[in-house]
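Take a look at the structure below.
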Amino acid sequence: MKWTTLSEIAQLDAIDIASQQAPMLIFKHSTRCSISSAAIGRLERGWTPANDQDHSIYYLDLIRHRDVSNAIAQRYGVEHASPQVLVIRNGKCVYTESHFGIAYADVLAQLAV
């Protein structure tokens with residue numbers, strides 16, 4: 001997966017603007033959590049080079065950037081979870097899932113809507 005590192009709150013403005021043209025995926029990852037490692041592994045195993053061409057995906061290490069995680073929760077009106085995926089469309093979170101609910105097929109389907 002060709003992740004774009006999400007490390008600054010200001011990047012959320014760029015995500016919102018880009019989401020006017022195509023949905024954006026944010027993956028919030030805790031590097032200290034085995035469930036988070038399993039969830040990211042499932043996504044990475046399913047993801048293809050064609051997916052990288054079709055979709056913009058952001059990776060947030062929420063241990064290092066808790067301020068960005070908090071800003072995401074506030075901006076998009078979602079409760080914090082880890083791991084967590086969010087699909088942003090037109091500046092709004094239109095899909096979120098966490099923990100073992102994160103599935104490659106479901107995320108891809110949400111990006112295709």
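The values are calculated or read from the model by the stated rules, or taken from the named source; none is laboratory data. This is a predicted model, so every value here is computed, not measured. Here the Cβ is made from the backbone with ideal geometry for all residues, glycine too, and neighbour counts use every protein chain on show.
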key: Hits in the stretch 86-113 - residues which are among the aliphatic types (A, V, I, L, M) and either under 19 Å from Arg42 (Cα atoms) or surrounded by fewer than 17 Cβ atoms within 10 Å (Cβ to Cβ) (or both)   = Leu86, Val87, Val94, Ile102, Ala103, Ala105, Val107, Leu108, Ala109, Leu111, Ala112, Val113
request  = Give the number of residues within the stretch 15-58 that are β-branched (Val, Ile, Thr) and outside any helix (DSSP H, G or I).
outcome  = 4
Pairs where the first residue, in the stretch 7-28, is touching a residue at least 12 places away in the same chain (Cβ under 8 Å) and crowded, with 18+ Cβ neighbours inside 10 Å and the second is in a loop (DSSP other than H, G, I, E, B) and hydroxyl-bearing (Ser, Thr, Tyr), C-beta under 9 Å, 6+ apart = Lys28/Ser82
task = Output the residues belonging to the stretch 56-77 that are in contact with a strand residue (DSSP E or B) (Cβ under 8 Å, 6 or more places away or on another chain) and modelled with pLDDT of 95 or more.
result = Ile57, Tyr58, Tyr59, Leu60, Asp61, Val68, Ser69, Ile72, Tyr76, Gly77
remark   = By residue number, the members of the stretch 101-113 that are assigned to a helix (DSSP H, G or I) and either over 10 Å from the mean Cα position of the chain (by Cα) or not hydrophobic (A, V, I, L, M, F, W, C) (or both) are Gly101, Tyr104, Ala105, Asp106, Leu108, Ala109, Gln110, Leu111, Ala112
request  = Could you check, for the stretch 39-50, whether at least one of its residues is surrounded by fewer than 18 Cβ atoms within 10 Å (Cβ to Cβ) and at pLDDT 95 or above?
outcome  = no
request  = Would you check which residues across the stretch 64-100 are in contact with a Phe, Trp or Tyr (Cβ under 9 Å, 6 or more places away or on another chain) and part of a strand (DSSP E or B) and list them?
outcome  = Gln84, Val85, Leu86, Val87, Ile88, Arg89, Lys92, Cys93, Thr96
message = Going residue by residue through the stretch 2-13, is there one that turns out to be modelled with pLDDT under 95, farther than 17 Å from Asn90 by Cα, in contact with a strand residue (DSSP E or B) (Cβ under 6 Å, 6 or more places away or on another chain) and β-branched (Val, Ile, Thr)?
response = no
request  = Output the residues belonging to the stretch 29-46 that are hydroxyl-bearing (Ser, Thr, Tyr) and in contact (Cβ under 8 Å) with a residue 12 or more places away in the chain.
outcome  = Ser30, Thr31, Ser36
